[in-house]
1. Using the Karplus equation 6.51 cos²θ - 1.76 cosθ + 1.60 (θ = phi - 60°), what ³J(HN,Hα) coupling, rounded to whole Hz, does each residue of region 238-253 give in order, writing x for Gly and Pro?
2. Would you kindly work out the equivalent ellipsoid of the chain from its C-alpha gyration tensor and give its semi-axes, the square roots of five times the eigenvalues, largest first in whole Å?
3. Can you pick out the pairs among K50/K250; K86/K252; K130/K346; K202/K252; K86/K150; K266/K346 whose Cα atoms lie more than 22 Å from each other?
4. Calculate the radius of gyration of the Cα atoms of region 208-326 to one decimal place, then report Dmax, the largest Cα-Cα distance, as a whole number, both in Å.
5. Can you list residues whose amide H is under 5 Å from V164's amide H, if they're 5+ apart or on another chain and H is modeled 1.01 Å from N?
6. Nearest 20 debye, what's the magnitude of the dipole of region 83-162 about its Cα centre given +1 on Lys and Arg Cβ and -1 on Asp and Glu Cβ?
7. Calculate the dipole size of the chain relative to its Cα centre from +1 charges on Lys and Arg beta carbons and -1 charges on Asp and Glu beta carbons; express the result in debye to the nearest 20.
8. Considering amide H positions built from the backbone, and no H for Pro or chain starts, which residues 5 or more places from G299, or on another chain, come under 5 Å of its amide H?
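The values are calculated or read from the model by the stated rules, or taken from the named source; none is laboratory data. Just so we're clear, the structure is a prediction, and the values are computed from it rather than from any experiment. Cβ coordinates were reconstructed from backbone atoms using ideal geometry, including for glycine residues, and neighbour counts include every protein chain displayed. In case anyone asks, the SASA skips ligands and DNA or RNA and just uses the protein heavy atoms, side chains included. Shrake-Rupley method; radii C 1.70, N 1.55, O 1.52, S 1.80 Å.
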Amino acid sequence: MASSIIIPWIFYIQILTISSKAIDAVPAIIVFGDSSIDTGNNNYLPTFAKCNFEPYGRDFPGGTPTGRFCNGRLPPDFVSEGLGLKPIVPAYLDPTFNISDFATGVCFGSSGTGYDNSTAAILKVFTLWKEVEFFKDYQTKLRAYLGDEKANEVISEALYIISVGTNDFLINYYNFPQRRTQFTIPKYEDFLIGNAEDFIRKIYSLGARKLSLTGLPPMGCLPLQRTLNRKNPHSCSEERNKVAFEFNEKLKASVVKLMIELPGLKVLYVDVYELLSRLITRPSRYGFEVAEAACCGTGLFETGVLCNRLTPHTCLDADKYVFWDAFHPSERANKIMSDELLPSLKLAFL
């Protein structure tokens, strides 16, 4: 069954849900995906897809570059805090944390990954399936720490945040010939949807029941894509946005199918396309001054290693910008989107 909820003072969020069983609280946040949610796992990989250096993290508590592709916190951090848990979700590979920290929140995400394993191979990062292996290892440690009964309760009642897919198009399909020779864009979308379904079935088999599934953003409006838009320089790529929209429609249909197939599965589909589009098209309404370019450097192409402490022209106040670097939203944009999402999360899962 699919239903839609409109809350007057927030953005439109479409909720797809079957189960209406309420719980007292979400005991943990468990996160899978790419740089939109990676809180630092890539720090421990020999890859260029990392950002554990300044000016990343300059607005994070303590001004620490943690490996988050942002000037501060990411959506899972804000969601965790908003649900009464810790204000940060630690990276599973960060040795400064242990299972006592991970019991209430953990991130398995890897920047640069995708639904397609070949996407992860490009930047030598973890595949989504490797993230599943981390999840299995986590479950073993959690059961040793809490005991089987309590650990199983945490696993079944936790909120699972999944945010991935953009890299499959922007890093892989549009830049390398392998997938373009194999698939048309619609067929590649279908291939990714099949992989997404397999992933959800797998974590469901491991106990996941409550999922927040994020669609693709308006990827044609990311500053880097504006820069690369030869047909209409510095404008959003409508072709890229069309692909994101089409993929999201297929993803929503897939979710409905999976909820019928998998008893007890409960999913909140997060329409980040709409959430981020509103910040981009109406920046002043939300207190932003710049939406077309990012804060770091010129704001046109700098991301990752190109956004570093020696990069000239980086803005002084990232709160004025929708985007921190040419690929990722600023902390303030993340907080606004997370705050708009929280009422729907609470309605669906609390």
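1. Calculated HN-Hα couplings, in order: 5, 5, 5, 5, 4, 4, 4, 5, 5, 4, 4, 4, 5, 5, 4, 5 Hz.
2. 29, 23, 21
3. On the way: K50/K250 30 Å; K86/K252 30 Å; K130/K346 30 Å; K202/K252 18 Å; K86/K150 19 Å; K266/K346 13 Å.
Pairs exceeding the cut-off: K50/K250; K86/K252; K130/K346.
4. Rg and Dmax of region 208-326, Cα atoms, are 17.1, 54 Å.
5. Hits under the 5 Å cutoff: T214.
6. 160
7. Computed charge dipole of the chain: roughly 380 debye.
8. A294
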